Amino acid sequence: MADLKVKIHKLELKNPVMTASGTFGNGVEFDDFINVSDLGGILLKGTTLHHREGNDYPRMAETPSGMLNAVGLQNKGVDYFCESIYPNVRKYNTNVVVNVNGSTIEEYIALTERINELDDIDAIELNISCPNVKEGGMAFGTSCPMAEQVTKEVRKVYNKTMIVKLSPNVTNIAEIDKAVEFQGADSVSLVNTFLGMAIDAESRKPLLSTITGGLSGPAIKPIALRMVWQVAQAIKVPVIGMGGIMNATDAIEFMLAGATAVQIGTANFIDPKIAIKIVKGIEEYAQRHNIHQISDIIGELQM
């Protein structure tokens, strides 16, 4: 049996497969399909300081080889999270990570301080890249000074592993990445969704209430893979790759490009068992290639 363990800063992952925030609920929704604890980690649904209704409907649309979403971080706020969600996710024997969001740096700080008090939350994913909110969100992730500032301030109040989630909607993602690494990011995750849109030609109207939304799914994989490769060469902290991963082969490609771990997103909507299937597929790949430790393939792209 191959050793599938990998390490993201202080996080010991039993395997490199995690689930992407916003595609896996809070884990409990998948209890009927898989043993969630068999995953390397789960990223919980995006949380904000206060209750958010999200965007108006329609806020999801299918596209060729992908989907657009403009949910807008709908959630009931951190008080509800602490009282009603946290008690239910403490049971998992895996790394539980909270995806934190804010419209201002002050909101990021206040939310992180609350999460820092929860003993059984292993890390945060600082989301500075959401393209579906009118304030904050992607604005922090597309400017080096803003990315640096929010990372620096949150680092001051958080003493566990901090993963910073990067936006692909930039000219040079490596610059943003170096900026957040310099300010204390323990790891980075990329890519979030690409800004896109869809139109109904018959009605001549956009398919999303917000006109634009975040594109995910197989359509974005080649671009996400390229960005992960670029970032992995530019920094020293671990990279978590995502973007159109639909099977074990996709996940392995991201690891060869330099990702220490991967997150599974849109594929969860198609097959609720896909994350576990990808774990098994990675193990089969390792056995087939006589790989004793899966960490040995990280960044081992043969040029």
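The values are calculated or read from the model by the stated rules, or taken from the named source; none is laboratory data. In this text the structure is predicted, and so the values were computed from the model without any measurement. Neighbour counts run over all protein chains shown; Cβ positions are idealised from the backbone, glycine included.
Here are the numbers for this structure:
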| quantity | calculated |
| --- | --- |
| In the range 83-107, the residues that are buried (at least 16 other Cβ atoms within 10 Å of the Cβ) and free of Cβ contacts under 8 Å to residues at least 60 places away in the same chain | ILE85, TYR86, VAL98, VAL100, ASN101, GLY102, SER103, ILE105, GLU107 |
| Given (1) farther than 20 Å from GLY184 by Cβ; (2) under 17 Å from the mean Cα position of the chain (by Cα), number of the condition ILE121 does not satisfy | (1) |
| Filter pass, ALA110 being at pLDDT 95 or above, surrounded by fewer than 24 Cβ atoms within 10 Å (Cβ to Cβ), small (Gly, Ala, Ser) and in a helix (DSSP H, G or I) | yes |
| Qualifying positions in the range 272-303 - without any contact (Cβ under 8 Å) to a residue 40 or more places away in the chain and either assigned to a helix (DSSP H, G or I) or surrounded by 15 or more Cβ atoms within 10 Å (Cβ to Cβ) (or both) | ILE274, LYS277, LYS280, GLY281, GLU284, TYR285, ARG288, ASP296 |
| Count of the range 186-228 residues which are without any contact (Cβ under 8 Å) to a residue 40 or more places away in the chain, crowded, with 20+ Cβ neighbours inside 10 Å and either touching an Asp or Glu at 6+ places or on another chain (Cβ under 8 Å) or among the acidic types (Asp, Glu) (or both) | 2 |
| From the options ASP200, ASP250, residue that is under 27 Å from GLN302 (Cβ atoms) and among the acidic types (Asp, Glu) | ASP250 |
| Strands (runs of 3 or more DSSP E) enclosed by the range 1-68 - at least 3 residues per element that are surrounded by 15 or more Cβ atoms within 10 Å (Cβ to Cβ) | 17-19, 41-43 |
| Among the candidates VAL17, VAL78, residue that is touching a Ser or Thr at 6+ places or on another chain (Cβ under 7 Å) and either modelled with pLDDT of 95 or more or among the β-branched types (Val, Ile, Thr) (or both) | VAL78 |
| Evaluation of ASN116 against (1) in contact (Cβ under 8 Å) with a residue 40 or more places away in the chain; (2) of a type outside the set (Asp, Glu); (3) under 30 Å from LYS7 (Cβ atoms); (4) buried (at least 21 other Cβ atoms within 10 Å of the Cβ) (one fails), failing number | (4) |
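Condition check ((1) polar (S, T, N, Q); (2) modelled with pLDDT of 95 or more; (3) farther than 23 Å from MET197 by Cα) across all residues:
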{"residue": "ASN26", "(1), (2), (3)": "yes, yes, yes"}
{"residue": "PHE30", "(1), (2), (3)": "no, yes, yes"}
{"residue": "HIS50", "(1), (2), (3)": "no, yes, yes"}
{"residue": "PRO58", "(1), (2), (3)": "no, yes, no"}
{"residue": "ALA61", "(1), (2), (3)": "no, yes, no"}
{"residue": "GLY72", "(1), (2), (3)": "no, no, no"}
